[in-house]
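Before any comments, here is the structure.
The values are calculated or read from the model by the stated rules, or taken from the named source; none is laboratory data. Predicted model, so just to flag it, every value in this text is computed and none were measured. FYI the Cβ positions are ideal-geometry reconstructions off the backbone, even for glycines, and counts take in every protein chain you see.
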Amino acid sequence: MNIEQAYDIWADRYDTDQNLTRDLDQQVTVETLSPLTFKFVIELGCGTGKNTLFLLTKAQRVIALDFSEKMLSQARGKITDERATFRRTDITKPWEIPDHFADLITSSLVMEHIEDLSFIFNQARLKLKTGGYFFISELHPSRQYLGSKAGFFDTEDGRVNPTAYIHHISSFWDSARQNDFHLTILKEWFDTGIEDKPPRLVSFLFQVQK
Ligand SMILES: C[S@@+](CC[C@H](N)C(=O)[O-])C[C@H]1O[C@@H](n2cnc3c(N)ncnc32)[C@H](O)[C@@H]1O
């Protein structure tokens, strides 16, 4: 099943299913981005708008992109703030947003579904202002080496298993530096009290070289 179809099926349960990865990502996003100042934000793979709500507590404008119409309609149902624009977009195609629009681009739990990381970093570089930030929070690859995948869930018709790609931590860094980013924060996030098992998430805060 392709990724878009899988999320269309998952959309009406995404916010309510038990999901430790989703919940930890929300904490990581708030903790990492709260100290930053930003006005114009592009959110990649916004899904049901879980993090859009937080971004709107600080931003003047959020352009939130996702290719699942059903995930987007959950987000639109929840968020009517005019500062947020939800656009159906496949982020593996050139993003139709003016260059140097954003001072922050965020991506939570999306890169696992993207084969070519360097395309995403290239687009992010084009759309960010000098000094702008690119925040990524993602399933930790050490979990993937052991077989974990996001978006892996049961329905009445069986198990949904959207395509997922493994990106090593060094692959994020390679794509970032090839596109003139430097790394300001790298963190690994564990389930509460469990630090002798692979971390659940990894997060990066990259910044466009000034
Ligand atoms: C695990 S969900 C994460 C949603 C949200 N960021 C969150 O943290 O709750 C992954 C999202 O990425 C979207 N996605 C995956 N590949 C995409 C692509 N190529 N273009 C746009 N959206 C994509 C899916 O539709 C889905 O909504």
Selection count where residues are among the polar types (S, T, N, Q), over 12 Å from ILE136 (Cβ atoms) and in contact with a helix residue (DSSP H, G or I) (Cβ under 8 Å, 6 or more places away or on another chain), scope the stretch 179-210 | 1
Can you spot a residue in the stretch 81-95 that is closer than 15 Å to TYR14 by Cβ, loosely packed, with under 15 Cβ neighbours inside 10 Å, of a type outside the set (D, E, K, R) and modelled with pLDDT of 95 or more?
-> no
Can you name every residue in the stretch 77-91 that is within 14 Å of the ligand (Cβ to nearest atom) and part of a loop (DSSP other than H, G, I, E, B)?
-> ILE79, THR89, ASP90, ILE91
Quick one: which residue in PHE101, PHE135, PHE38, PHE67 is within 22 Å of GLN209 (Cβ to Cβ) and in contact with an Asp or Glu (Cβ under 7 Å, 6 or more places away or on another chain)?
-> PHE38
Output yes when any residue across the stretch 138-153 is among the hydroxyl-bearing types (Ser, Thr, Tyr), within 12 Å of the ligand (Cβ to nearest atom) and surrounded by 13 or more Cβ atoms within 10 Å (Cβ to Cβ), and no when none is.
-> no
Counting only residues that are free of Cβ contacts under 8 Å to residues at least 12 places away in the same chain and not small (Gly, Ala, Ser), give me the strands (runs of 3 or more DSSP E) lying completely in the stretch 92-210 with at least 1 of them.
-> 153-155, 158-160
Residues that are aliphatic (A, V, I, L, M), out of contact with any Asp or Glu (no Cβ under 6 Å at 6 or more places or on another chain) and surrounded by 12 or more Cβ atoms within 10 Å (Cβ to Cβ), drawn from the stretch 161-200 | ILE166, ILE169, ALA176, LEU183, ILE185, LEU186
Of all residues making up the stretch 19-56, the number that are more than 8 Å from the ligand (Cβ to nearest atom), assigned to a helix (DSSP H, G or I) and among the charged types (D, E, K, R) = 2
Of the conditions (1) surrounded by fewer than 24 Cβ atoms within 10 Å (Cβ to Cβ); (2) more than 8 Å from the ligand (Cβ to nearest atom), PHE67 fails just one. Which one is it?
-> (2)
Unique residue being over 21 Å from LEU36 (Cα atoms), modelled with pLDDT of 95 or more and of a type in the set (Gly, Ala, Ser) when the list is SER118, SER137, SER107, SER148 | SER118
From HIS113, HIS100, grab the single residue that is away from the ligand (no atom under 12 Å from the Cβ), touching a Gly at 6+ places or on another chain (Cβ under 9 Å) and not hydrophobic (A, V, I, L, M, F, W, C).
-> HIS100
